[in-house]
Structure formats: C-alpha cells, structure tokens
1. I'm trying to understand the selection: among the residues of the range 150-170, which are more than 11 Å from the ligand (Cβ to nearest atom), surrounded by 16 or more Cβ atoms within 10 Å (Cβ to Cβ) and either among the hydrophobic types (A, V, I, L, M, F, W, C) or not in a loop (DSSP other than H, G, I, E, B) (or both)?
2. Could you check the range 182-196 and list, in sequence order, the residues that are closer than 21 Å to Thr222 by Cβ and either part of a loop (DSSP other than H, G, I, E, B) or touching a Pro at 6+ places or on another chain (Cβ under 8 Å) (or both)?
3. Considering only residues that are within 9 Å of the ligand (Cβ to nearest atom) and part of a loop (DSSP other than H, G, I, E, B), which ones fall in the range 200-212?
4. Residues of the range 126-149 being open to solvent by less than 70 Å² (accessible area, probe 1.4 Å), part of a loop (DSSP other than H, G, I, E, B) and near the ligand (Cβ under 8 Å from one of its atoms), which ones?
5. Among the listed residues Leu116, Leu70, Leu97, Leu76, which satisfies the condition of being touching a Ser or Thr at 6+ places or on another chain (Cβ under 7 Å) and aliphatic (A, V, I, L, M)?
6. Being closer than 23 Å to Pro240 by Cα, open to solvent by 50 Å² or more (accessible area, probe 1.4 Å), within 16 Å of the ligand (Cβ to nearest atom) and in contact (Cβ under 8 Å) with a residue 24 or more places away in the chain narrows it down to one residue among Leu70, Leu116; which is it?
7. Scan Ser150, Ser228, Ser143 and give me the residue that is in contact with a Lys or Arg (Cβ under 7 Å, 6 or more places away or on another chain) and small (Gly, Ala, Ser).
8. Scan the range 213-224 and tell me whether some residue there is crowded, with 21+ Cβ neighbours inside 10 Å, under 21 Å from Gln169 (Cβ atoms) and in contact with a helix residue (DSSP H, G or I) (Cβ under 9 Å, 6 or more places away or on another chain).
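The values are calculated or read from the model by the stated rules, or taken from the named source; none is laboratory data. Everything numeric here is computed off the predicted structure, so don't read it as measured data. Positions of Cβ are backbone-derived with ideal geometry, glycine not excepted, and every protein chain shown enters the neighbour counts. Accessible surface is based on the protein model in full, side chains and every heavy atom, while ligands, DNA and RNA are left aside. Shrake-Rupley method; radii C 1.70, N 1.55, O 1.52, S 1.80 Å.
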Amino acid sequence: MKRLSLRLAAAGLLGLGLLAAAPVTAAEQVPPPRASWSFSGMFGLYDRAQLQRGFQVYKEVCAACHGIGLVSFRNLSQPGGPGFTDPQAAAIAADWLHKVREIGDDGQPAERTPRLADRIPGPFANVKAAEAAHGGKAPPDLSLMAKARSYERGFPWFVFDIFTMYQEQGADYLKAFLTGYEEGHETPPGTNYNKYYPGNFVSMPNVLQDGQVAYTDGTPQTARQYASDVTAFLMWTAEPHLEARKRIGFQVLAFLLLLFFLVYFTKKKVWSRLEGHA
Ligand code: HEC
C-alpha cells in the first residue's frame, strides 16, 4: 500500500514537471487583465441594472453590425436575465431597429415588425450580405461569444482556477478586446490594431467612445464602463441559466453534506450493537 502511494506521488510529480516544461505553442498575445464581475465565484449573480445598461450599449452600438440571433425578445423578461417586464420587452420588440425577414404570402421575401416571441433580428439577411458590407469580414453573431472566446492561462494558473472557480476568461477577453485598440501602429489596409486580438489586426474599428451612450441611472459614461456592461450582457446571452446552475449546484452540495451526516450517524447506531465497533 505504502509503495503504491509512493509510486503514485512520484508519477504525479513527474506529470507536473512535464506540464511545467511543455513549450508554449499559443500565438503571441497579451493576456487580458482580470476584471471583477458580479457573476464570478460560487455565489456570483448577474447585476440586473448592468445587464440592462449592457443591452442598451448592444442596441445603440453593436447591433448596427452584430446580431444576437439565439436570443428572443421574450428572454429579456425571463428570470435570471436583465429583468425587463413583459410589456417593456414587447415595447423593445415593437421598435427594434431591424425587421424580421420572412417569406410573405406571395412567396416573396417580406419584412414585418418583430413581436415578443421572435428571435432578435440582426442587421443582415445572411452572411454574404454581412461580408459584402464589411470588406469581406462578416461581424460574427455575438450570442455565444462570451463562451466562444477564451485564452490560455498557463501553468500553474489553470490549477488554481479549479479551486477559485474562475470561469470568466471569455468575459475578461471581451472587455479587454473592446478597450484594447491602439493608435500609431502600422496595419494592413482595412484593419485596426488591437492589443488583445490574436494576431492584433482586426477589421472591427474601435466603436466605444466616452459619453457615446446616455445612461439614465448616473453610471459613469466611459468607454471602459460600456465595455464592462455590454460584456456582462453578452455573458448573460451566452449563459442565461447561470444563476439557476449556481443555485442548484449549491443545493446539491448542501444536500450531500446533510446526507453524509445522516448516513454516518445511522452507521454508528447500527454498529453500536456489536461489541468492539463504535
Ligand atoms: C462597424 C461595425 C461593427 C460594430 C459597430 C461593432 N463591431 Fe464587432 N466586429 C465587426 C467586424 C467586421 C468583426 C470581424 C473582425 C475580424 O474578423 O477581423 C467584429 C468582431 C467582433 C468580435 C470578435 C472578436 C474576435 O475575437 O474574433 C467581438 C467580440 C465583437 N466584434 C464585439 C463587438 C461589440 C461588443 C460591439 C459593440 C460594443 C461591436 N462588436 C460593434 C464589426 C463591428
């Protein structure tokens, strides 16, 4: 037994050593700084006001180029989300900036005003139209972007991340990307320099300027704040059930703890009748 555990320990140490010595293969990229998020950690929840502001930034800035096609207007009033009321979500649908594209009764492409049940329509009818409007690079759908993007944290951080429950790499990248534009670099035509974008040359321009979106709740109107808010909103679109997931996870752990004590004391009681067993 002792030998086996010694061997296991040796194998573990060797494994760690190999991991530490593994060559870095990822492309050169400045790692995004860690931001603080209301939804991080075991008990982290979305900040409703922040999600609403983030939606406002998405609508007023990003929706000109990007869709969030997996989200419906009715989701905006769902529990665990930005917390709009049903009438508010219906009003948002009714004066949305893009129309729903469908096939009309005559079989021809037609447009109509969105309703609560519709997916949020994006700016383009299809990817080809999006590419044509943006010099060959289609602005990607942002519904799942906060989960689709990540970066290598490297050893030993990814070990610590398991214990600190760090899962916000995607959000940190988005915020850094939105605020990572720099002037004064040579760039290929049609691209801009972004410190955090892999390869640095991105065709999306720097879209967030201080004072551009008018907040009504007194939150500072800075580009950094807009970036945080829209990132939080995109985190919600990517993981709308985060709050339920964390709540259920905690309930399961509490239940297991209770079960442990029940089983333990039951065992003690049953075995107490036999001599020599406590
Ligand atoms: C003028 C049009 C335009 C606007 C406005 C715009 N984008 Fe983009 N965005 C693009 C294009 C084009 C790309 C594709 C870039 C590429 O592939 O080089 C892109 C790419 C992205 C990416 C992907 C980056 C990556 O890692 O691949 C994200 C994230 C993004 N945009 C977020 C946003 C957010 C959030 C907003 C609103 C604050 C926004 N964009 C506003 C045009 C736009």
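1. Within the range 150-170, Gln169 is the sole residue that qualifies.
2. Glu182, Glu183, Asn192, Lys195, Tyr196 - these are the residues of the range 182-196 that are closer than 21 Å to Thr222 by Cβ and either part of a loop (DSSP other than H, G, I, E, B) or touching a Pro at 6+ places or on another chain (Cβ under 8 Å) (or both).
3. So the first thing to find is which residues in the range 200-212 are within 9 Å of the ligand (Cβ to nearest atom), and the list is 201-205, 207-208.
Listed by number, the residues that qualify are Ser203, Met204, Pro205, Val207, Leu208.
4. His134, Ala138, Pro139, Pro140, Leu142
5. Working: Leu116 fails: touching a Ser or Thr at 6+ places or on another chain (Cβ under 7 Å); Leu97 fails: touching a Ser or Thr at 6+ places or on another chain (Cβ under 7 Å); Leu76 fails: touching a Ser or Thr at 6+ places or on another chain (Cβ under 7 Å).
Only one candidate qualifies: Leu70.
6. Values: Leu116 fails: within 16 Å of the ligand (Cβ to nearest atom).
Within the list Leu70, Leu116, the selection yields Leu70.
7. Numbers: Ser150 fails: in contact with a Lys or Arg (Cβ under 7 Å, 6 or more places away or on another chain); Ser143 fails: in contact with a Lys or Arg (Cβ under 7 Å, 6 or more places away or on another chain).
None of the other options fit; the residue is Ser228.
8. There is no residue in the range 213-224 that is crowded, with 21+ Cβ neighbours inside 10 Å, under 21 Å from Gln169 (Cβ atoms) and in contact with a helix residue (DSSP H, G or I) (Cβ under 9 Å, 6 or more places away or on another chain).
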